[in-house]
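First comes the structure, then the notes that go with it.
The values are calculated or read from the model by the stated rules, or taken from the named source; none is laboratory data. These numbers come from a predicted model, not from an experiment. Cβ: placed from backbone, ideal geometry, glycine included. Neighbour counts: every protein chain shown. With ligands, DNA and RNA removed, areas are computed over all heavy atoms of the protein, side chains included. Shrake-Rupley method; radii C 1.70, N 1.55, O 1.52, S 1.80 Å.
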Amino acid sequence: MLRILALSFPLLFMFTSIASAQPGVLLHDNGPFITGDGLQVCVDAPGGSNTSFPTGGTTAGIRTDWAVNRVVDDFTIPIGQSWQLEQLRWRAYQFDTLYDSELGIAFVRVWATDPQLGGDPIWGDFETNRYVNSTFAGVFRTAESAQTDCQRAIKNVDIDLSELPVLPAGRYWIEVGLDSAIEGGLFSPPTEPRLPTDNGLELNFSGIATTAMDGGTTEPLDFPFQLHGEMEVTPTRACVTGAGDCIDATLDNCINIHNGTWNYLHSCAEVGACCDHADGTCEENVNPEDCVGTDLIFRGGQTCASIPNCGLSIGACCFPDSTPTTCQSFVNGQTCVAQGGSWHLGSCSSIDCDDYCETARTIADGETVFATFGYDTDGEVTPNECDNSPFIGHADAWFRYTSTLTNADGLIEFSLCQSSFDTTLQVYQVGISTTCNDLRATAIATYCDNDGCGAIGGPSHLSVPADPGDEFLVRIGGYDGAQGGGRIRITPIENGIGACCSVAAACRVVDESECSIQ
């Protein structure tokens, strides 16, 4: 639900609060959240307090812990205006927390397309903490029948937006994720009263956007945030014309005169050529933040012609399936790709090819020694299993295995129980057409385990259904970045075969009829 305020007069707060100074003017207020009459007073709360309770619904709030769930709502910049946003004020609370407790971490992203329709945010990330401070809003979240319950103090959480470029007229979505040293979960109260046009969203850690709804009535929800900053004249930004040239232009001129694509973030001097030394490809008019990586070279304000040696730097070439060899040093990117390899800066003495999905190490039945010291993360850290834990899959090593079963409907047992660190285990069943980019894009790990060997904070174990010849990518990572060494044991178990244990004999793998006569 959009609630754009006129900008010719200040907005006066109609409730008692402990407020911090806001930079700039109030450009947008997304709605009220106070429903009490101001007569409820909580002991020790400065100046008394007011309440916010569900109106016609049951939801106390929407989970806003960034590693579990984030919340999103939209706003519109009117035609003829451009905004330099400086600060976001979000509202949040925790169970059983006092009015003077603070949060400490706030992440924010801004979208120019509806997150439900896909695409990427135009600004922000989950690495930069943009928290400014948090202050008591003078309001407690309560039930309508318990308005003297002072257990959920709502905070004004101020978040820095000063690095966000000037935004032209249009519709945007702002995404917020918070964190706190206090356990118990963080929640965002919805706007009150509820309206049929409310259209807030929530995103889980895998990035799937759904409508934010009341848990009891399923009615849609909105969130009571505020945006502060300054109005500016329409900015000029990089415009990539229909002919492929870059000129600085306004949004209107870019689209209507130059038939171009307008850049929200940068001028032509700031965008440039991005060379991928791993394969020799080069792309022009690229944002600098989209050209970051070990193998990528960026030249601001220039074309690909300014990087004549793109793809000719010497490095290490890793080969899938170790054909013709596992790794070859002193090869340039163009030659490596032409030979079917994957190029990396460095030499074979400094590169571990099984650190990368494309060049996973082929392993067989029995035990294989591995180590992940110094390995990077080359895949999604939130597969479909393992409860979408953000700590799964860090510092990963990749292996390729082909089932040696002779009959259908068997099992392949993958065991890391002889490992020395807190491992995570993901097994992807793959086909001929499956690429590592498919895995990175969809996190389609069919099977995932953490602590499967029985010890909390220990190694992993999986038993995976399989047929003869099935192919699997096996990804061994460390929980929350743990690294170490160990052994992976792979045991094929034919249909009808299992473990037979008795007092008189050691445990053996036999069929059920043989086990019954032991």
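Annotations for the structure displayed:
- Simple Cβ-charge dipole of region 78-231, Lys/Arg +1 and Asp/Glu -1, about Cα centre, in debye nearest 20: 220
- Sulfur and carbon atoms: percent of accessible area, region 369-482 [1.4 Å]: 49
- The residues of the chain have, on average, 45 Å² of accessible surface per residue, using a 1.4 Å probe with all protein chains present.
- Surface composition of region 91-197: carbon and sulfur make up 49 percent of the accessible area, probe 1.4 Å.
- By accessible area, using a 1.4 Å probe on protein heavy atoms only, region 224-291 has 46% of its surface on carbon and sulfur.
- Across the chain, C-alpha contacts under 8 Å between residues 6 or more apart give a mean separation that, scaled by the residue count, equals a relative contact order of 12 percent.
- Relative contact order of region 254-351, pairs being alpha-carbon contacts under 8 Å that are 6 or more residues apart, as %: 24
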